Amino acid sequence: MATSGQPGQHRLGRNVFALAAVSFLTDVSSEMIYPLLPVFISTVLGANASFIGAIEGAAETTAALLKLASGWWSDRIQKRKPLVVFGYALASLMRPLVAIAQSATQVLLIRVADRVGKGLRNAPRDALIADSVDPSIRGKAFGFQRAGDHAGGVLGPLIAFAVLTWHWADMRTVFWLAAIPGVLAVLVVIFAVREVPRAVDSGTSSGPDLTKPMSAAFWRVLAVILIFTLGNSTDAFLLLRANQLGVNVALAPILWAALHVVKSASSTPGGALSDRVGRRATLVAGWALYAVVYFGFAQATQAWHAWALFGVYGLFFGLTEGSERALVADLVPRERRGTAFGWYNLAIGLGALPASLLFGYVWDHWSAARAFEMGAAFAFVAALGLFAVLPRAKR
């Protein structure tokens, strides 16, 4: 089992607080822009829905592929911070340039560059968090970082909503304003985040070989996570289902913000729970809750059902996001964490597209209820699979 680079450090510490603040500011910036992009691209730039889908697909696929490369490179050079700084800086520089875009193709290039930044930073950042805390509070540390991220997901859309609703500025100005929290995020990374020294043998100074096998348990768990991901389609389908159930389109941003409130509030306790009762128990509970929520969306008939289910859905994120990342760090040696987080993010990123395509196909050819029941089934199978592949003591 991996050991911490800071023995006896049973508190979250400077790096965790700083990276949570960075995630908060970055998400404020991105969520000021992201909810407006489909409307901006279609109404202002005149692109169709297929091109909008191509933009997001290209952006997320690019990020998924780079996460593996950046994680491996951070292991090889034995430094995490340079890639984290460069990733956040690139995204913060490119994201507001949507304000001057005159064509959908330009938005595509900007979004891909933004996601390149995300792809470069995420795996080294997660490895740095794992390096910075004692294993006994690893779940809490990752949960706290996710809480900061989701808190930004609440504030960002509300800022954009207020600016546009009260006619303080137009959409392009909102995109420029998003540069402010982005710049603040980069400054926090530069001045508040510290590299964690890693003692290595002189014979391994060149860094680990990416082809060197990692633990069998890691690959088994990654396979189970991929199974779950195949049933975890884009949350846009949840918003569409909510609209079917009678939730007014004007209330969609409020419903979305409410979801992020629950995510943020439950992430730290959920991660800490995995430290106390084990990763397997916490993840199985979260995936089972996901199955219940999706089955609930299949059976729902009224608008208040959607509001209630969205609230419960937020708890799923609290139970699983920090726990999954902590489990990845548990299963690999310290010097391989960057690579491990790269594989983890790659599996999720590559599984997301077929998951959404399959969900949409079932929705179109059968019904929304059947699609949600399928998602619930994937989650249930993954929960059973985790019981089979992960020993209870692996925490």
Is there any pair with a first residue in the stretch 92-106 that is more than 13 Å from MET32 (Cα to Cα) and a second that is small (Gly, Ala, Ser) and surrounded by 13 or more Cβ atoms within 10 Å (Cβ to Cβ) whose Cβ atoms are under 7 Å apart and which are 6 or more apart or on different chains, and what are they? MET94/ALA113; MET94/GLY117; ALA104/ALA47
What pairs can you find where one residue is in the stretch 254-279 and in a loop (DSSP other than H, G, I, E, B), the other is surrounded by fewer than 23 Cβ atoms within 10 Å (Cβ to Cβ) and not polar (S, T, N, Q), and their Cβ atoms are less than 6 Å apart, with a gap of 6+ or different chains? GLY278/ARG395
Residue check for ALA89: more than 24 Å from ILE41 (Cβ to Cβ) and either surrounded by fewer than 24 Cβ atoms within 10 Å (Cβ to Cβ) or in contact with a Lys or Arg (Cβ under 8 Å, 6 or more places away or on another chain) (or both): yes
Take ALA340 and tell me if it is under 19 Å from SER74 (Cα atoms) and crowded, with 24+ Cβ neighbours inside 10 Å. yes
Quick one: LEU25 ticks every box in (1) crowded, with 23+ Cβ neighbours inside 10 Å; (2) of a type in the set (A, V, I, L, M, F, W, C); (3) modelled with pLDDT under 90 except a single one, so which number is it? (3)
Please go through the stretch 154-188 and give me each residue that is more than 23 Å from ALA89 (Cβ to Cβ), among the aromatic types (Phe, Trp, Tyr) and within 25 Å of the chain's Cα centre (by Cα), ordered by number. PHE161
So for the stretch 151-162 (the condition being part of a helix (DSSP H, G or I), touching a helix residue (DSSP H, G or I) at 6+ places or on another chain (Cβ under 6 Å), surrounded by fewer than 18 Cβ atoms within 10 Å (Cβ to Cβ) and at pLDDT below 85), does at least one residue qualify? yes
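If you take the residues of the stretch 349-395 that are assigned to a loop (DSSP other than H, G, I, E, B) and modelled with pLDDT under 85, which of them is nearest to THR229 (Cα to Cα)?
Taking the candidates together, the pick is LEU390.
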State which residue is nearest to GLY153 (Cα to Cα) when the search covers only the stretch 28-69 and only residues that are charged (D, E, K, R) and at pLDDT 75 or above. GLU31
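In the list ALA291, ALA329, which residue meets the criterion of being under 20 Å from ARG370 (Cα atoms) and assigned to a helix (DSSP H, G or I)? Working first, answer last.
On the way: ALA329 fails: under 20 Å from ARG370 (Cα atoms).
After ruling out the rest, the residue left standing is ALA291.
The values are calculated or read from the model by the stated rules, or taken from the named source; none is laboratory data. Model, not experiment: these values are computed from the prediction. Please note: Cβ atoms are built from the backbone with ideal geometry, for glycine as well, and neighbour counts cover all protein chains shown.
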